[in-house]
Structure formats: C-alpha cells, structure tokens
There are 2 protein chains.
Amino acid sequence: MTNTALLIIDVQKGLDDPKFGQRNNPDAEANMALLLAAWREQARPIIHIQHNSVEPNSPLRPERPGNALKDEVRPMPGEPLFGKTVNSAFIGTELEAYLQGQGVSSLVVVGLTTDHCVSTSVRMAANLGFDVTLVGDGTATFERDFAGRRWSAEEMHAVNLASLDGEFCQVRTTAEVLAHTG
Amino acid sequence: MTNTALLIIDVQKGLDDPKFGQRNNPDAEANMALLLAAWREQARPIIHIQHNSVEPNSPLRPERPGNALKDEVRPMPGEPLFGKTVNSAFIGTELEAYLQGQGVSSLVVVGLTTDHCVSTSVRMAANLGFDVTLVGDGTATFERDFAGRRWSAEEMHAVNLASLDGEFCQVRTTAEVLAHTG
C-alpha cells in the first residue's frame, strides 16, 4: 500500500456557501486531515484536485475567494495539484498519465461532494483500471430535490455510497484506512 | 433535435437474473421501445450499447445467453452497436469519436441500470461536453445493501436521478421526450 495515492477532491471554501443547502457529515474535513497527516508521515503520494468552475454563478470560479482549498487540506510544497473544470478529475487533466507515470495503481479517495465530483471521479478511476477505496466518512454532500421530494443530505450520501460500494470501489471508514496505513 | 441520438445502454436478458434482487420500474423496457420506434420513424441516430462482462460470475459474459439484448431493443440492420467491458460506454470504445464524426452533440439516454452503467455513462457524456437528457422512466435499477441497511430499488433509482438531474443532465419522462419528437 506504500504507493497508494490519497486523492483529495474539491475541498474548497466556496462549498460552505449557504446556497448549497444542508450538508451531512461535518466531520469530513477533520477525517481528511487525519488521512493527509498519515500520508505525509509515510511519504506516500498525495494528489490535490481543485475545481475551477466555469459556471457564471458558482462560488468556485477561479477569481472568487471560494475557489480556495480549505485550510485542513492545503497542499504542501511539492504535492501535485490538478485543476479541473468538470466533475471528473480525469477529464481535461493529466491525472491519468501522471498516476501511470508514478506507478500508482490504487487510490484512496476523499472530498466533496459524495454524489457529484467524488462519485464521478471514483467511477471513472475504477473504469480506467485503478483500484479505488472511497472513504465514506471523508466525504459529504447536500440535500437535493427531485420530482417533488426532498432527499436529506444523509440520504443522498448513503444511497450514493450504496451505488458505488462493491461495483466501483470499496467504501471504508477513516479508521479502517488508518489501521492499514501504520 | 433531429440529430439527437438515442443511446440505449445494457438492456440485456441477463439482468433478469434473480441474483440481482428486486428491480423497480417494470415499464422501463416498454418505454424504451416507444422511444426507439419514434427515433426510427424520424430516422434519427440510434446507438446500442452492450455490456460484455469480464466478471467470472456475471450472466452478461459474452458466451452466456444473458449477454443478448432484450427483444424490445433489438438493433435493426445499420444501427451501430458498441460493446464495452466497464460501466462507462465511453471507456474502451470508439463511442465519443463516432458521435463527433456524426455531428451528434446531444443524447437521450435510456437503459440499465440507473445507478451503475447509466449514471456512469451520463456523467461522462456530460463531462465530455454532450448535452444529455436522461429518461427517468426509461431506466431502472435494483435494491442494494450498504452499511447494514437495505435501500429499495425505487429509493436507489430516485436518489440517483436526484444526483444527476440539473448537474449532468435533464431528467425527463418518456412522454415529455416523445412530445418533443413529433
């Protein structure tokens, strides 16, 4: 597992904007920070992904303060960062080639949001042949409305993990991943 | 909308295997057949996708009878069919180049299952720049277990549509799509 990369997706200040509604799992960032510290201690590969939105009203546009990565996951010098403009971290970026060049074939994924950019990146990573572990309590999402019903953030999160687990990845907790990182 | 392609994903006999558990929306195939008839009548582009599983125990392996497309969506001569081995119809296939070569920039998507191959293909189509309409009642999925809880097929289906709608596609009904196809 020494060459397993920690992939941290879109943990950006703009996602605290109230426009996104209620979020689940307020501990997600603290869990990401624990994993990031463990990866740094073990000198394992760390990859940061930053969403540079092209949507007119998004707080994650590059020129807005919400584009900034949150303090808990701020990159250290030498840690690669890939900017992207769509949900998948693999589209419009050099991420796949970079991972292959580094001999990385397995990923531990954390970030925001469970069902949009995290799910899309996990699906594509798996379909490209990477072995993916998704840290369920290192992700979070928002409540969403559809067809006249509101689904809570926790429902959105849990059902999306149910769709991913066993098909695209293994969903694990932060504690489970840390127990295999020592 | 005359050059909007109907993309029919993995509507294969093997998905009737009881091993997959309870499914929602038994009308999905009938709705797909209505759309397919309308597309043929209008001579609009139709793309068939067939999953050629490489999983040891899958009824969708190429040498098994479950690999066959269901009767409701059987391709007619001249209609292109792309085989794939992963969830995304765009990975390991020439689908993206084919659509671009045909000048197709918008897709209407139906198929199985909502949260696995359909969701993955919709996400990737959108991120590659296609304009995507997903026919909610032209898709279906199965109940799934996660973290000690069973989510019904209808819950899996609805929550996954909630994650996709407005972010990756517009979710519409068969009737809504047909009303714009006449």
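A few points about this structure:
- Extreme residue, farthest from B:Ala140 (Cα to Cα), among residues of region A:139-153 that are more than 11 Å from chain B (Cβ to nearest Cβ) and of a type outside the set (Ser, Thr, Tyr): A:Ala140
- For region B:123-133, taking the residues that are more than 10 Å from every other protein chain (Cβ to nearest Cβ) and of a type in the set (A, V, I, L, M), the one that is nearest to B:Ser53 (Cα to Cα) is identified as B:Ala125.
- Residue, modelled with the lowest pLDDT, within region B:160-182, restricted to residues that are surrounded by fewer than 16 Cβ atoms within 10 Å (Cβ to Cβ) and among the small types (Gly, Ala, Ser): B:Gly182
- The residues listed here are B:Val54, B:Val11; of these, the one that is in contact with a strand residue (DSSP E or B) (Cβ under 8 Å, 6 or more places away or on another chain), β-branched (Val, Ile, Thr) and at pLDDT 95 or above is B:Val11.
- Members of region A:44-61 found to be in contact with a Leu (Cβ under 6 Å, 6 or more places away or on another chain) and in a loop (DSSP other than H, G, I, E, B), listed by number: A:Ser53
Let's see how each residue does on (1) more than 10 Å from chain A (Cβ to nearest Cβ); (2) under 18 Å from A:Leu161 (Cα atoms); (3) of a type in the set (Asp, Glu); (4) outside any strand (DSSP E or B):
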| site | (1), (2), (3), (4) |
| --- | --- |
| B:Glu63 | yes, no, yes, yes |
| B:Asn87 | no, yes, no, yes |
| B:Ala97 | yes, no, no, yes |
| B:Gly103 | yes, no, no, yes |
| B:Asp137 | yes, no, yes, no |
| B:Val159 | no, yes, no, yes |
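- Pairs meeting the criteria (first residue in region A:28-53 and within 10 Å of A:Val110 (Cα to Cα) and of a type outside the set (Gly, Ala, Ser), second residue modelled with pLDDT under 95 and surrounded by fewer than 21 Cβ atoms within 10 Å (Cβ to Cβ), beta carbons under 9 Å, at least 6 apart or on different chains) are A:Leu35/A:Thr181.
The values are calculated or read from the model by the stated rules, or taken from the named source; none is laboratory data. This structure is a prediction, so every number in the text was calculated from the model and none was measured. Please note: Cβ atoms are built from the backbone with ideal geometry, for glycine as well, and neighbour counts cover all protein chains shown.
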